[in-house]
Amino acid sequence: MSDRLHKIRNYYSERVHPRLQGFQILSWSSREAQYGRFQILLETLQQCFPPDYCPVLLDLGCGLAELAQFLLERGCQVDYRGCDITEKVLVEARRRTPGLKLECCDVFQAQSPYPAESFDVVFCSGIFNLELGNNDAFALHALLRMVQLSRHLAVANFLHRRTRRQFQACHYFDPDALLAGLNQAGIPATVREDYLENDFTIICQKPAAETTEVPGQS
């Protein structure tokens with residue numbers, strides 16, 4: 001097991017408790033902060049897909065899979081799939097919300113567990129927050145893998161370097177640096193940084209030559 005996987009699994013496994021709320025287990029400051037990040041994905045889905053289309057969505061690093069309920073309660077229909085590298089977290093997710101399609105796997109290993117373009121949208125929230133020593137390089141690699149797995153969009157949020165109160169255990173990113181890396185790789189991307197002072201979201205689109213047409217948008 002790599003040091004990255006070991007550190008992440010240990011950190012989150014120790015936080016799992018049936019009496020804790022999801023945002024506490026996943027180390028968000030509040031439910032509002034967690035949902036603020038989900039809201040950006042919701043708005044992106046509403047902008048990019050017609051109302052009658054049900055995109056296949058991979059929630060990468062899904063934790064307790066609370067995104068599924070968030071979208072459902074807001075009338076956003078998706079074919080939800082979740083994956084995480086921490087089995088103990090997934091056990092708790094299955095206990096809280098039975099019936100979801102959840103899998104324990106590492107999407108970023110050399111050989112991906114999923115074929116290219118398996119999902120309409122690949123989303124991750126919070127998986128880059130822990131300081132691991134190589135966050136900047138890993139984040140770019142991860143975004144490229146997410147784009148590879150998607151047919152349309154890859155959406156990820158990051159802690160923002162403009163954050164006034166920073167914690168040593170966390171990593172804070174420069175959105176311009178990530179955009180530059182994506183641009184160099186030929187990936188069209190935009191940034192949303194208008195919702196929380198300490199966060200931003202990168203929205204990557206599949207390069208035009210590789211994009212699959214969405215039914216109802218021709």
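The values are calculated or read from the model by the stated rules, or taken from the named source; none is laboratory data. All figures in this text were calculated on a predicted structure; none of them were measured in a lab. Using ideal geometry, Cβ is built from the backbone for each residue, glycine included, and neighbour counts are taken over all protein chains shown.
Output the residue which, of all residues in region 9-27 that are of a type in the set (A, V, I, L, M) and in a loop (DSSP other than H, G, I, E, B), is surrounded by the most Cβ atoms within 10 Å (Cβ to Cβ).
The qualifying residue surrounded by the most Cβ atoms within 10 Å (Cβ to Cβ) is LEU26.
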Problem set entry | Residue check for VAL91: within 21 Å of ILE8 (Cβ to Cβ), among the β-branched types (Val, Ile, Thr) and more than 14 Å from the chain's Cα centre (by Cα) | yes
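With the requirement that a residue be in a loop (DSSP other than H, G, I, E, B), touching a residue at least 60 places away in the same chain (Cβ under 8 Å) and of a type outside the set (Val, Ile, Thr), what does region 90-127 give you? It would help to see each step written out before you state the result.
Just the residues of region 90-127 that are in a loop (DSSP other than H, G, I, E, B), to begin with: 97-100, 105-118, 126-127.
Narrowing the set further to residues that are touching a residue at least 60 places away in the same chain (Cβ under 8 Å) leaves 106, 117-118, 126-127.
Scanning region 90-127 gives ASP106, GLU117, SER118, GLY126.
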For this session: Count, please, the residues in region 131-154 that happen to be crowded, with 18+ Cβ neighbours inside 10 Å and either over 21 Å from THR44 (Cβ atoms) or of a type in the set (Gly, Ala, Ser) (or both).
Result: 5
Seminar exercise, completed: Pairs returned, first residue in region 73-86 that is closer than 18 Å to SER125 by Cα, second residue that is in a loop (DSSP other than H, G, I, E, B) and among the charged types (D, E, K, R), beta-carbon separation under 7 angstrom, 6 or more apart or interchain, are ILE85/ASP106
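Of the residues that make up region 148-171, is at least one under 25 Å from ASN198 (Cβ atoms), in contact with a Ser or Thr (Cβ under 8 Å, 6 or more places away or on another chain), modelled with pLDDT of 95 or more and of a type in the set (Ser, Thr, Tyr)? Show your work before the answer.
Start the filter on region 148-171 by keeping residues that are under 25 Å from ASN198 (Cβ atoms), which leaves 153-171.
Subset that is in contact with a Ser or Thr (Cβ under 8 Å, 6 or more places away or on another chain): 153, 155-158.
Adding the requirement that they be modelled with pLDDT of 95 or more leaves 153, 155-158.
This time we only want the ones that are of a type in the set (Ser, Thr, Tyr), so: none.
There is no residue in region 148-171 that is under 25 Å from ASN198 (Cβ atoms), in contact with a Ser or Thr (Cβ under 8 Å, 6 or more places away or on another chain), modelled with pLDDT of 95 or more and of a type in the set (Ser, Thr, Tyr).
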Problem set entry | Residue count for region 28-82, restricted to those that are among the aliphatic types (A, V, I, L, M), touching a strand residue (DSSP E or B) at 6+ places or on another chain (Cβ under 8 Å), assigned to a helix (DSSP H, G or I) and more than 17 Å from PHE200 (Cβ to Cβ) | 4
Seminar exercise, completed: Those residues of region 173-191 which are surrounded by fewer than 17 Cβ atoms within 10 Å (Cβ to Cβ), assigned to a loop (DSSP other than H, G, I, E, B) and touching a strand residue (DSSP E or B) at 6+ places or on another chain (Cβ under 9 Å) amount to ASP174, PRO188
Exercise. Could you give every pair whose Cβ atoms fall below 6 Å, whose first residue belongs to region 192-212 and is surrounded by 12 or more Cβ atoms within 10 Å (Cβ to Cβ) and part of a loop (DSSP other than H, G, I, E, B), and whose second residue is modelled with pLDDT under 95 and of a type in the set (A, V, I, L, M), counting only separations of at least 6 or pairs across chains?
Worked result: none
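If the requirement is being closer than 18 Å to PRO98 by Cα and either under 17 Å from the mean Cα position of the chain (by Cα) or at pLDDT 75 or above (or both), which of these qualifies: GLU43, GLU66, GLU14, GLU32? Lay out the reasoning, then the answer.
Values: GLU43 fails: closer than 18 Å to PRO98 by Cα; GLU14 fails: closer than 18 Å to PRO98 by Cα; GLU32 fails: closer than 18 Å to PRO98 by Cα.
Checking each option against the conditions leaves just GLU66.
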